[in-house]
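A.B. asks: Please read through the structure below; I'll follow up with questions.
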Amino acid sequence: MCLRTVWESDLELIYRLMTDVSEKGEYWLMDIPAEPAFRRGFVERGFWHDSFGRMVIQNNAGNMVGEIIYFRNADYRAGYELGYQIFKREDRGKGYMSEALALFSAFLFESKPIPRLQVTVVAGNEASRSVAERCGYRYEGTLRQAAFLAGKYVDLEILGLLREDCPPLSV
C-alpha cells in the first residue's frame, strides 16, 4: 500500500472513482462535488492546505484503491476530522484503509501542531468503525439524528485519537 498526494494526472480517474454511485455502500454520506469545483481545488492548492488535505491510496500493483482526507469541521475545534473511502467493493476488506488511516494519522500528528483527530461514522457501519478502532481511535459519543441517509435521519458516532495515543510514524 502506498499513500501519496494527488498528482494532476490523477484528476480524471479520482473524479470518476469518487463519483461512481454504483460502488458506494449503504452508509455513504459524501456529497458529489461538481467537476469544475473539484479541479479548481487541485489547481488552487493541490488539495493540500491548512484546513483540507487529500491523499490517494494505491495498492502494491500501483492501482488507486481509495482516498483519505482531513478537514476542519469547525473553526473552534482543535484538530481535524478525517474521512476515507475505498472506491470499489472488490477492494474493501483487504486492510488498505486500516494501514492508510494509521499512517495518515501518525503523519498528521508529526507534521501539524494538533492535539486530536476524529472520525465520524454512521451508526451501524461496523466496517468503518472497526478500521478506526484498529488504529487506536476511541468511541467518544453519538450525535443523534445528525445526518440524512436513505430517506431517514441516522445517528453518527464520533471516534477520537489523541496525539499521545498515536504510535509514531515509522518509515
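A.B. asks: Which of 69, 32, 14 ends up with the largest GNM mean-square fluctuation for the chain, with Cα atoms connected below 10 Å?
C.D. replies: Sorting by GNM fluctuation, first place goes to 32.
A.B. asks: For residue 13 and residue 112 in one chain, what is 0.36 nm times their gap in residues minus the Cα-Cα distance, to one decimal in nm? Numbers along the way, then the final one.
C.D. replies: Details: separation 99, 0.36 × 99 = 35.64 nm, distance 2.90 nm.
That pair, residue 13 and residue 112, stretches by 32.7 nm at full extension.
A.B. asks: To continue, here is another question. According to a simple spin-label model (label point 7 Å from Cα along Cα-to-Cβ), what is the distance in nm between residue 1 and residue 88?
C.D. replies: Output for this residue pair reads 1.8 nm.
A.B. asks: So for the chain, Kirkwood radius off the Cα pairs, Stokes-Einstein at 4 °C and 1.567 mPa s: how many µm² s⁻¹? Could you put the intermediate results ahead of the total?
C.D. replies: Details: Rh = 16.6 Å.
The diffusion coefficient I find is 78 µm²/s.
A.B. asks: Right, here's the next one. Calculate the FRET efficiency for residue 52 and residue 127 from the Cβ-Cβ distance with a Förster distance of 30 Å, rounded to the nearest 0.05.
C.D. replies: 0.75
A.B. asks: P(r) of region 1-92 in 10 Å steps, Cα pairs, percent per bin?
C.D. replies: 15, 48, 33, 4, 0
A.B. asks: Hey, can you find the accessible area per residue of region 16-103 for me, probe 1.4 Å, expressed in square angstrom? Write down the numbers at each step before the final one.
C.D. replies: On the way: 4870 Å² over 88 residues.
The answer is 55 Å² per residue.
A.B. asks: Going Cα to Cα from residue 152, which aspartates and glutamates come in below 14 Å? Please leave out same-chain ones fewer than 8 positions away.
C.D. replies: Excluding near neighbours in sequence, the set is 26.
A.B. asks: Just tell me which aspartates and glutamates come within less than 18 Å, Cα to Cα, of residue 94; anything on the same chain fewer than 8 places away is out.
C.D. replies: Qualifying aspartates and glutamates at Cα under 18 Å: 23, 67, 126, 133.
A.B. asks: With unit charges on the beta carbon (Lys/Arg positive, Asp/Glu negative), name the residue among 100, 161, 111 whose Cα is farthest towards the positive pole of the charge dipole of the chain.
C.D. replies: Comparing the listed Cα positions along the dipole, 161 ranks first.
A.B. asks: Hey, any idea what % of region 15-63's accessible area is carbon plus sulfur with a 1.4 Å probe? Numbers along the way, then the final one.
C.D. replies: On the way: 1490 of 3010 Å².
The nonpolar share, carbon plus sulfur, comes to 50 percent.
A.B. asks: Next question, about the same structure. When the Debye formula is applied to the Cα atoms of region 103-156, each taken as the same point scatterer, what base-10 log of I(q)/I(0) results at q = 0.14, 0.15, 0.24, 0.32 Å⁻¹?
C.D. replies: -0.46, -0.52, -0.96, -1.26
A.B. asks: Quickly work out the residue 20-to-residue 143 label distance, labels modelled 7 Å from Cα along the C-beta direction, and quote it in nm with one decimal.
C.D. replies: Each label point lies 7 Å from its Cα, and together they span 2.9 nm.
The values are calculated or read from the model by the stated rules, or taken from the named source; none is laboratory data. Since this is a predicted model, take the numbers as computed values, not measurements. Reconstructed Cβ throughout: ideal geometry from the backbone, glycine too, with neighbour counts over all protein chains shown. Surface accessibility is based on the protein's heavy atoms, side chains included, excluding ligands, DNA and RNA. Shrake-Rupley method; radii C 1.70, N 1.55, O 1.52, S 1.80 Å.
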